[in-house]
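Chemist: Structure in structure tokens, see below.
The values are calculated or read from the model by the stated rules, or taken from the named source; none is laboratory data. On a predicted model such as this, the values are computed, not experimentally measured, just so you know. In this analysis, Cβ positions are derived from the backbone assuming ideal geometry, glycine residues included, and neighbour counts consider all displayed protein chains. Protein only, heavy atoms only, side chains kept; ligands, DNA and RNA dropped before computing areas. Shrake-Rupley method; radii C 1.70, N 1.55, O 1.52, S 1.80 Å.
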Amino acid sequence: MLRARGATVRYPEATADALADLDLEIGAGEFLAVAGPNGCGKTSLVRALLGLVPLTRGTVELEGRAIAGWRREDLAQVVGLLPQREEMAFSWRVEEVVGFGRYARLGALSPMSPADHAAVDRALERSDVASLRKRRVDTLSGGEWQRVRIARALAQEARLLVLDEPTAALDLGHEMELFELVQGLVGEGLAALVITHHLNVAARYAGRILLLDGGRVAASGSAGEVLRPELLSSVFRWPVSVITLDGAPQIIPRAPGATRRDYS
């Protein structure tokens, strides 16, 4: 569905690439987590994949077409983007916000048909927010608001979800609920690309992890292949150990003076 080959981004007047020679693939029914330290290129990656910044070199294709050749309204029918930060200017009802997802297919001034209303109903149900449909968005909890945003993307009938730090402001329970929801949607055939700092959660849910460092791919593969103590200690500039819990690797930060032989 989405493929990058040698994707490189260098911003004007910058002395180094923000993203360098990146290869990436994701298809239907796949859950890819992208992680790395602050400033590693995660935001540039999202912008490059969605055609929001020009490539210095390399290619990005969505469904076999160069991303630069997609009209924004057509792109919105395939990709649902959940940016890290989003503020609502008005206190809309939940069902109205989810209905905004249909504008990619209707245009901003077109009335919604019975088929559009049915798509909104399905999205509300799939995201487990149907009971909130009459609530005003400024009365929602952080977890509820994130599920509403996913419902809006589903109402677009998007086939790829791109979520940028979707759990940054959520507590533990809501974080796990959101990853459970995304995993369930992937099980239904959607593709999901999630930018996250929460490697332990990504290890439990993502089929693959892409680890960035300095704008380059430091590792890519399964959680077991990527979450290795010496690699993580190097990338994050902090000693860690990795244990296995409930079948998934889990990272434990160590004391500052931990030595290499302690990385186990």
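Chemist: Provide the percentage of antiparallel DSSP beta bridges, counting only those with both residues in segment 77-202; round to the nearest 5.
Modeler: 10
Chemist: Using a 10 angstrom cutoff on alpha carbons, build the Gaussian network for the chain and name the most mobile of Ala248, Ala48, Ala118.
Modeler: Looking only at Ala248, Ala48, Ala118, the largest GNM fluctuation is found for Ala118.
Chemist: Still on this model: Rg(Cα) of the chain divided by 2.2 N^0.38 Å?
Modeler: 1.05
Chemist: At 4 °C and 1.567 mPa s, grab the translational diffusion coefficient of segment 1-141 from Stokes-Einstein with a Kirkwood Rh over Cα pairs, rounded to a whole number in µm² per second.
Modeler: 74
Chemist: Something else now. Which of Gly99, Gly189, Gly29 moves most in a GNM of the chain, Cα contacts under 10 Å?
Modeler: Gly189
Chemist: While we're here: Give me the angle, in degrees from 0 to 90, between the Cα long axis of helix 142-155 and the longest principal axis of the Cα atoms of the chain, rounded to the nearest 10.
Modeler: 60
Chemist: Roughly what angle does helix 172-187 make with the longest principal axis of the chain, taking Cα atoms, 0 to 90 degrees, to the nearest 10?
Modeler: Relative to the chain, helix 172-187 is tipped by roughly 70 degrees.
Chemist: Over the chain, with the other protein chains present, what is the accessible area per residue in square angstrom, probe 1.4 angstrom? Spell out each step's value before the answer.
Modeler: Numbers: 12580 Å² over 264 residues.
With the other protein chains kept in place, the chain gives 48 Å² per residue.
Chemist: OK, next. If Lys and Arg each add +1 and Asp and Glu each add -1, what is the summed charge of the other residues whose beta carbon sits under 11 Å from the beta carbon of Pro249?
Modeler: Surrounding charge for Pro249 is 0.
Chemist: Nearest-5 percent of antiparallel DSSP beta bridges in the chain?
Modeler: Close to 60 percent.
Chemist: If you don't mind, another one. By how many nm would the segment from Tyr11 to Ala66 grow when fully extended, if each residue of separation counts as 0.36 nm and the alpha-carbon distance is taken off?
Modeler: 17.8 nm
Chemist: With springs only between Cα atoms under 10 Å apart, run a GNM on the chain and tell me which of Ser141, Ser44, Ser127 wobbles the most.
Modeler: Ser141
Chemist: Roughly how many percent of the accessible protein surface of the chain is carbon and sulfur, given a 1.4 Å probe and a whole-percent answer?
Modeler: 51
Chemist: Give me the number: length gained by fully extending Glu73 to Asp171, i.e. 0.36 nm times residue separation minus the C-alpha to C-alpha distance, one decimal in nm.
Modeler: Gain in length upon complete extension: 31.9 nm.
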